[in-house]
């Protein structure tokens, strides 16, 4: 406050971002020294005419600490209504590292291979039939809902599926609890509801969940008495790994030229389906705000990591139109 009044001729409420930058430089080199710096070796009372507020220049660490404290002070004054804004916010805001584009996702072609593998699963025995139905339903809910495996494991049918009437049209929704115990509503599309009914019929259940039904979203295969027992996130992960493994084998059977793509599938996990869903939705021009809300992202910036098509188009345009054109190629 002394510096603002004496050096800048301003009250605290009139200081600008540029003023605070000047103050930061001032702390590293307080000039004029006769006004601001104590004579060497002196310790004087504040009432003494030779008292000065500083003993000398502040170290870089001390300067940073002083500015951190000032930032907190201005932030409080802003929140209290004394200031219209924090003049230090631009200088003190720390920018986190830019998130890279998601690479752990399946292309549309690889996703088709996964679906083919599920549809080709054996169904000769009761166990095989139920296991195939479970794999299909798990892939469906992870992909269409963009869910995490933990969200699937912690969701029951009766408490999660609900119907809402919107201007005469009845729509199904799936309520899940995501990270930070935050609930969100995910659209249960007609396709998702149809697959839910298919999965339930495989277990001899009515196609539609009943209110209060506490059966897990993915039903166990072994023993009808165990229908109430939810599979763990680890168990769901292993089921998806099995599906990806079968799909990888189908690719390897096509020939050695498919080996690299098969390795991609073999390395995939359940969370890849969430990334795959987000990537495919952005590819199909689904509004990023809808993708954000479906996935429970805090901001569009998080959702934009799925804009792979945009990147591909940028690569293609650059390759076609930005050339150096050497005359001799060798």
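In whole Å, what is the distance between the alpha-carbon centres of region 24-79 and region 156-209?
For region 24-79 versus region 156-209, the Cα centre distance is 62 Å.
In whole Å, what three semi-axes, largest first, describe the equivalent ellipsoid of region 1-53 built from its Cα gyration tensor (square root of 5 times each eigenvalue)?
Values: eigenvalues 111, 34, 11 Å².
So the equivalent ellipsoid measures 24, 13, 7 Å along its semi-axes.
Rg and Dmax of region 2-92 over Cα atoms: what are they, in angstrom?
14.3, 42
Based on other C-beta atoms within 10 Å, arrange 23, 82 from fewest to most.
Values: 23 19, 82 11.
In increasing order of surrounding Cβ atoms, one gets 82, 23.
What length, rounded to one decimal in nm, is gained on full extension from residue 179 through to residue 39, with 0.36 nm per residue of separation minus their alpha-carbon distance?
Numbers: separation 140, 0.36 × 140 = 50.40 nm, distance 5.79 nm.
Stretched fully, the residue 179-residue 39 segment lengthens by 44.6 nm.
Sort 181, 199, 269 by Cβ crowding within 10 Å, fewest neighbours at the top. Walk me through the numbers before you get to the answer.
On the way: 181 6, 199 23, 269 14.
With the sparsest Cβ surroundings first, the list reads 181, 269, 199.
With viscosity set to 0.890 mPa s at 25 °C, what whole-number translational diffusion coefficient in µm²/s follows for region 200-300 from Stokes-Einstein and a Kirkwood radius over Cα pairs? Provide the component values of the computation, followed by the final result.
Values: Rh = 16.7 Å.
Answer from the Stokes-Einstein relation: 147 µm²/s.
Rg and Dmax of region 108-315 over Cα atoms: what are they, in angstrom?
For region 108-315, the Cα radius of gyration and maximum Cα-Cα distance read 17.6, 55 Å.
Dividing the alpha-carbon Rg of region 170-224 by 2.2 N^0.38 Å yields what? Don't jump to the answer; show the numbers that get you there.
On the way: Rg = 12.6 Å, N = 55, 2.2 N^0.38 = 10.1 Å.
Its radius of gyration relative to the 2.2 N^0.38 Å reference: 1.25.
Contour minus end-to-end for residue 13 and residue 112, with contour as 0.36 nm per residue of separation and end-to-end as the Cα-Cα distance? Write down the numbers at each step before the final one.
Details: separation 99, 0.36 × 99 = 35.64 nm, distance 6.22 nm.
The span from residue 13 to residue 112 would gain 29.4 nm if fully extended.
Each reported figure results from applying straightforward, stated rules to the coordinates on display, with no laboratory input. This one's a predicted model, so the numbers in the text were calculated from it and none came from an experiment. As a convention, Cβ positions derive from the backbone with ideal geometry for all residues, glycine included, and neighbour counts pool all protein chains shown.
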